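Written below as structure tokens is the structure these notes are about.
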Amino acid sequence: MPSEPSIETTAQPRPTDRATQDLITVSNLRKRFGDTEVLRGIDLTIQRGEMVALTGRSGSGKSTLLHIIGGLDYRQGGQSYQGKVELMGRDLGQLTDAELSALRNRHIGFVFQAFHLLSHLSCLDNVLLPNAFAHEPLSKADAEQRAMLALTRVGLGDKRRSRPSELSGGQKQRVAIARALLFRPTLLLCDEPTGNLDDYTGQQIIDLFQELHRDGLTMVLVTHEPRVAQATTRRVQLQSGRIVDKEEPAP
């Protein structure tokens, strides 16, 4: 893939203090759906600048873990899980819905297996969507400049006026990635991002993720594909709601 202009993220060079390095800290995390316990005492730390794969069979709890890390698991009146999850030093369980929403909007980008693009909008307008729901939106000019930079970064600067129906599956996922990059997040969370793509297109997305990681973006990817896991810097395997194998961060 040809080199594209770099898009700035909020990631910073790794500090020497270990506590400051830790971007995500999960302690004794437990989650139930009815009578079924899907997470059974998860302990996990992810440092700034890592690219971590969460692996395991379907039903192992990896997507549930990813959603909780991203602040997507919330019910009115407080957290819907037991344990503690800290992101950037903030206890997600102590935040209000509005505070969680603001944190997600400004610091977390999400990429899912389904692209979740609006068919009636152009690529550019799909990338601009997070700004429409932001508590403190960017000006129109700044937002459009960032959106164009993000589309160019993923190799789709010439598709800004195209509709999703005019794109291939890989191009749709690139638009979804550009949308996730609009606010220059600290953290990118991806749930089976190559699951709907053929082998060749999936490899292009993997290559793009590696480029974004080299730019300094911290990434956590849920995947069942060995080639995706092998492209990351560290792998964490879940089974029946527990971590059964975990590589340690590189020094």
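Read-outs: derived from the displayed coordinates by stated rules, not from any lab. Computed from a predicted structure; not experimentally measured. FYI the Cβ positions are ideal-geometry reconstructions off the backbone, even for glycines, and counts take in every protein chain you see.
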Note to self: I need the strands (runs of 3 or more DSSP E) fully contained in the range 142-251, keeping only those with at least 1 residues that are free of Cβ contacts under 8 Å to residues at least 24 places away in the same chain, in contact with a strand residue (DSSP E or B) (Cβ under 9 Å, 6 or more places away or on another chain) and of a type in the set (Asp, Glu).
What the structure shows: 242-246
Checklist line | Long-range neighbours under 6 Å by Cβ, at least six apart or interchain, first residue in contact (Cβ under 8 Å) with a residue 40 or more places away in the chain and closer than 18 Å to Gln237 by Cβ within the range 25-43, second among the charged types (D, E, K, R) and buried (at least 17 other Cβ atoms within 10 Å of the Cβ) | finding: Val38/Lys31; Leu39/Lys31
Check: When you go through Thr186, Thr232 one by one, which is the residue that is crowded, with 22+ Cβ neighbours inside 10 Å, of a type in the set (S, T, N, Q) and within 26 Å of Leu87 (Cα to Cα)?
Finding: Thr232
Next item on the list: State whether one or more residues within the range 217-234 are of a type outside the set (Phe, Trp, Tyr) and over 30 Å from Lys31 (Cα atoms).
Entry: no
